[in-house]
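Q: There's a structure below that I have some questions on.
The values are calculated or read from the model by the stated rules, or taken from the named source; none is laboratory data. Treat the numbers as computed from the prediction; the structure is a model and nothing was measured. Note that each Cβ is placed from the backbone with ideal geometry, even for glycine, and that neighbours are counted across all protein chains shown. Remember, those area values only see protein heavy atoms, side chains included, never the ligands or the DNA or RNA. Shrake-Rupley method; radii C 1.70, N 1.55, O 1.52, S 1.80 Å.
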Amino acid sequence: MLNFFRRNKTNFSRVVVLGLDGMPHSLLQRLIAEGIMPNFQQLIVQGSLMSMTSVVPTVSSTAWASIATGCNPGRHGIFGFIDRVPQTYEMFIPSSRTLRSKTWVDLFSNMEQRVFSMGVPTTFPPRKVNGILISGFLAPDLKRATYPPSIASELESMGYLIDIDAWQARENRQKFLDEIFWALNRRAEAMFKYYAQESWDLFVAHFMDTDRLHHFLWGDVERGDASHTAWFNQFYARVDEIIGELVSRLYSDTLLMIVSDHGFCTLQREVHLNFWLQQMGLLSFASPEPMQLRDLDPRTRCYSLLPGRFYVNLKGREREGCVQAGAEYEQVRRDVADALMEIRDPDGGAPVIDRVLMREEAFFGDDLDAAPDLMALPAQGYDLKGGFEKRVLFEPSPVNGTHTFDDALWFANAPGLASDDATVMDILPTMMALLGLESPDGVDGRVVRGAL
């Protein structure tokens, strides 16, 4: 492995970011201790490794928007994989068009720096950039996922996958495992192909495959399933090989960051919060088979979108709002928050909700009006669902791993970086400081100690 770390860190003039979606800091430590990731172990000796918290809601589209912009969702405007349009009850998928803050790709392009970005969530549709942009997993197909468009045919020729078919893991586990290994290798092939083409100023490669692996194998591995543990370790040994090869190709003036957006844990149960609101008498439907927001009865006082977002049916804001602003609104929020903290797992009585945040506690910025009125953060092991069709509160899940707010991973090849309370929003301002660049106005993250 090329040793390029021992020098004055102010000499960084370009940056490579490797995103390992959903890889926990604690998992890296275990894999290193077991000898599965020796290349990453060598990196840590020469750089800085920290654990981070994510943002709420803790989903990849929101968290990666915060990583790429340095902003909280109340400023960048991405609150989840789906959202609603006030006054209409229509639903939409947030995208790069929804994103209100400038990303690292925007910043570097505007400085006439050459950029490459592959696979990062919330980058579809691709914007025009000074370089190459390959959209992430919500892009419908490669033909619409790239800038410039000609890149699509190159990716197709190498078998590149925007994302695997995760649904098949519920029906054919072996096919899922084969496909996820294929996707990992094709992503690595694309990364090395484009990295070799020129000396990029910003080069970002995001791997969604780690997150997909964890959703379907995490619980098996944690329970000690020998066959799945062996496959899990083989997968991460390959990730470590990719990291070693990437490091061997880096220029000597390159700042390298390897980051994840959240942690992971074993999933115990799914929790259907709109059914819970029905039980509480706060939600009712006008349709006998409700499937969407348009099926709400006007008497509804509160509804939920995943994961753990609650919206009061506020008069003047919602299409058929019935809750008055002011005292009545605040009372509904307090009642929902208090009742959420009383939900218990039927097996053993463990609390299901860790804490509840009011919108002004969880978010801040110009897009606060679009934020949920309350955010419920699950206790470890629970997945908070927001569908309307379920008629049960608790349900087993076809997946066995779920996200955690804490335990995200952040490595940088700059020695001496340290923070006891780092968040994913700190990555961009710290990166800019290490490159000797100013962060844009309105960034919420902080520069971690040792970066200046």
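Q: Name the residue, out of D383, D354, that is outside any loop (DSSP other than H, G, I, E, B), open to solvent by 40 Å² or more (accessible area, probe 1.4 Å), under 30 Å from R30 (Cα atoms) and touching a Pro at 6+ places or on another chain (Cβ under 8 Å).
A: Values: D383 fails: open to solvent by 40 Å² or more (accessible area, probe 1.4 Å).
Being outside any loop (DSSP other than H, G, I, E, B), open to solvent by 40 Å² or more (accessible area, probe 1.4 Å), under 30 Å from R30 (Cα atoms) and touching a Pro at 6+ places or on another chain (Cβ under 8 Å) holds for just one of D383, D354, which is D354.
Q: In this structure, is S439 touching a Lys or Arg at 6+ places or on another chain (Cβ under 8 Å) and assigned to a loop (DSSP other than H, G, I, E, B)? Don't jump to the end; show me each part of the working.
A: Details: touching a Lys or Arg at 6+ places or on another chain (Cβ under 8 Å): no; assigned to a loop (DSSP other than H, G, I, E, B): yes.
In short, no.
Q: What are the pairs with Cβ atoms under 7 angstrom where one residue, in the range 24-38, is open to solvent by less than 70 Å² (accessible area, probe 1.4 Å) and the other, located anywhere, is of a type in the set (F, W, Y)? Sequence gap at least six, or different chains.
A: Here the result reads P24/F264; L28/F40; L31/Y236; I32/F40; I36/Y236; M37/Y236, each pair linking the range 24-38 to a residue that is of a type in the set (F, W, Y).
Q: Here is a follow-up. Within the range 213-224, how many residues turn out to be free of Cβ contacts under 8 Å to residues at least 40 places away in the same chain and within 17 Å of R170 (Cα to Cα)? Before the answer, list the steps.
A: Filtering the range 213-224 down to residues free of Cβ contacts under 8 Å to residues at least 40 places away in the same chain leaves 213, 221, 224.
So of that shortlist, the ones also within 17 Å of R170 (Cα to Cα) come out as 213, 221.
Counting residues in the range 213-224 that are free of Cβ contacts under 8 Å to residues at least 40 places away in the same chain and within 17 Å of R170 (Cα to Cα) gives 2.
Q: Taking the range 100-124 only, how many residues are within 18 Å of the chain's Cα centre (by Cα) and either at pLDDT below 95 or on the phi < 0 side of the Ramachandran plot (or both)? It would help to see each step written out before you state the result.
A: As a first pass, look at the range 100-124 and keep what is within 18 Å of the chain's Cα centre (by Cα): 100-105, 117-124.
Then drop every residue that is not either at pLDDT below 95 or on the phi < 0 side of the Ramachandran plot (or both), which leaves 100-105, 117-118, 120-121, 123-124.
Within the range 100-124, residues that are within 18 Å of the chain's Cα centre (by Cα) and either at pLDDT below 95 or on the phi < 0 side of the Ramachandran plot (or both) number 12.
Q: Considering each residue of the range 292-323, count those that are under 29 Å from H403 (Cα atoms) and free of Cβ contacts under 8 Å to residues at least 12 places away in the same chain, and give that number.
A: 0
Q: Additional query: Please verify whether the range 358-370 includes one or more residues that are exposed (fewer than 15 other Cβ atoms within 10 Å of the Cβ), at pLDDT 95 or above and within 28 Å of G442 (Cα to Cα).
A: Yes, some residue in the range 358-370 is exposed (fewer than 15 other Cβ atoms within 10 Å of the Cβ), at pLDDT 95 or above and within 28 Å of G442 (Cα to Cα).
Q: Within the range 197-205, is there a residue that is farther than 26 Å from S66 by Cβ and touching a residue at least 24 places away in the same chain (Cβ under 8 Å)?
A: We begin by selecting, within the range 197-205, every residue farther than 26 Å from S66 by Cβ; these are 197-199.
Applying the additional criterion that residues be touching a residue at least 24 places away in the same chain (Cβ under 8 Å) yields 198-199.
Looking for residues that are farther than 26 Å from S66 by Cβ and touching a residue at least 24 places away in the same chain (Cβ under 8 Å), one finds at least one in the range 197-205, hence yes.
Q: Also: Taking into account only those residues within the range 44-55 that are surrounded by fewer than 24 Cβ atoms within 10 Å (Cβ to Cβ) and not small (G, A, S), which is farthest from Q234 (Cα to Cα)? Even if it seems obvious, please write down each step before you answer.
A: At the first step, the residues of the range 44-55 found to be surrounded by fewer than 24 Cβ atoms within 10 Å (Cβ to Cβ) are 44-51, 53.
With not small (G, A, S) added as a condition, the list becomes 44-46, 49-50, 53.
Details: I44: 21, V45: 23, Q46: 25, L49: 23, M50: 25, T53: 27 Å.
Top of the filtered list is T53.
Q: Can I ask one more? Going through the range 170-199 one residue at a time, which ones are under 17 Å from G19 (Cβ atoms) and open to solvent by less than 10 Å² (accessible area, probe 1.4 Å)?
A: Scanning the range 170-199 gives I180, A183, L184, R187, A188, A190, M191, Y194.
Q: In the range 159-175, what residues are polar (S, T, N, Q) and out of contact with any helix residue (DSSP H, G or I) (no Cβ under 7 Å at 6 or more places or on another chain)? Reasoning before the result, please.
A: The initial filter retains those residues of the range 159-175 that are polar (S, T, N, Q), namely 168, 172, 174.
Hits for the range 159-175 are N172, Q174.
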